[in-house]
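Down below is the structure, laid out as structure tokens.
What follows is calculated from the coordinates using simple rules that are stated; it is not laboratory data. Given the structure is predicted, the values throughout are model-derived calculations rather than measurements. Here the Cβ is made from the backbone with ideal geometry for all residues, glycine too, and neighbour counts use every protein chain on show.
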Amino acid sequence: MITSAAAAAHPNIAFIKYWGNRDDLLRIPANGSISMNLSGLQTRTIVQFDTSLEEDQLVINGESAGAEALQRVSATLDRIRELADLKTAARVTSENSFPTGTGIASSASAFAALTLAAATALGLGLPEKELSRLARIGSGSASRSIPGGFVEWQAGKDHASSYAVSLAGPEHWDLVDQIVLISREHKAVSSSQGHQLADTSPLQEARVADADRRLGICRQALLERDFPTFAEVVEQDSNLMHSVMMTSSPPLFYWEPGTLEIMNAVREWRQEGLQVCYTVDAGPNVHVLSPAEHAEAVKRKLTALTNVKSILTCTPGGPAWLIEP
Ligand code: DP6
């Protein structure tokens, strides 16, 4: 017997970052985070629970996935199976719409889509909060790709209290994220490995202790569409996370020369009066944020820089959604 469902989700860009866990297994983060879903990019996933299967199977972009990825998917499926009181294995088929080899993280959209598809296939009809908690088990940032628009993941202290909620829908603010792709040769240390190093930096404690202040400023700036305040706190938060990364043991350096060139240029353009700021995740690509009316001018300036290979343009995206299998 086969029971199946399909779902899609957007990745998200964090304005206030998640870096380091209180509990690595459950992915209870050291601090709360705030993000925006990225319309235009998506993962589409089909989950088929099939009584004829001996074990879970995972195909990503047409290729059979490795043991590590499969184990992570199975751990999320196990939680969902437990809720449905069922042991049936599943075939999971997932496709990303993002260009491959760009270093755009897909775990957020992947685990959000997986969770919604699996829970729907088993007829669970779970509320958004519960879907967010379950997605979090697969990948912390995936908890933020379940609700729509601008989202806050409340750190919480345990599984029940750690989930994400929407602060405002995608229509609230026409922010544009221009993801500037930087060429790179080495594969970065994964976020999952990075989170485990966060506490080895003497700066992590200070970063976490100050997180509620940054969250408060960012939340209010978002709700008031106050770009100048938003820009300062978003850049500071990104710089703080990278300071922790660079001072971990072993240290993690995600920036490349092109990353720094863009960060410096963006700060200069802001001083000249353009509404623009940057944020950088666990890789060299730079997310350049601006209100829609400034996006064209920002793009022209970005394109003139030497290290800019290509740009992906994203606007605020909605919640994870069901699709036709
Ligand atoms: C730098 O959610 O990818 O993008 O929970 O191990 O899957 P896992 O990590 P992940 O970490 C995201 C880190 C970040 C910041 C952020 O998105 O908040």
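Structural remarks
- Span from the region 116-186 Cα centroid across to the region 1-67 one, whole angstrom: 10
- In the chain, the longest principal axis of the Cα atoms and the axis of helix 257-271 are about 60 degrees apart.
- Three-way shape call for region 175-316 based on the alpha-carbon gyration tensor, with the a/c threshold at 1.5: oblate
- Here the sum of -39500 (n - 2.57) over DSSP H runs of 4 or more residues, divided by the residues of the chain, equals -11500 deg cm²/dmol at 222 nm, to the nearest 500.
- Given their separation in residues at 0.36 nm each and the Cα-Cα distance between them, Ala297 and Asp158 gain 45.6 nm when the chain is fully extended.
- Helix axis angle, 227-246 relative to the chain longest principal axis, alpha carbon, degrees: 70
- Lysines with Cα under 24 Å of Lys157, excluding same-chain neighbours fewer than 8 positions away: Lys17, Lys129
- Overall form of region 1-105 per C-alpha gyration tensor (a/c, 1.5; a/b vs b/c): oblate
- The calculated FRET efficiency for the pair Asp85 and Glu63, based on their C-beta separation and a Förster distance of 35 Å, comes to about 0.60.
- Cα-based helix-to-principal-axis angle, 211-224 vs the chain, degrees rounded to 10: 80
- Sorted largest first, the spans of the alpha carbon positions of the chain along the three principal axes are 63, 40, 38 Å.
- Among the GluC sites (Glu not before Pro) in region 252-288, those placed in a DSSP loop whose Cβ has at most 16 other Cβ atoms within 10 Å are Glu272.
- Take the chain and mark each of the trypsin sites (Lys or Arg not before Pro) that is in a DSSP loop with at most 12 other Cβ atoms within 10 Å; the longest unmarked stretch, sites excluded, is 188-308.
- Per-pair calculated FRET efficiency, R0 = 45 Å: Asp78 and Asn264 via Cβ, rounded to 0.05: 0.45
- Spin-label model distance (nm) - Thr51 vs Asp226, 7 Å beyond Cα toward Cβ: 6.0
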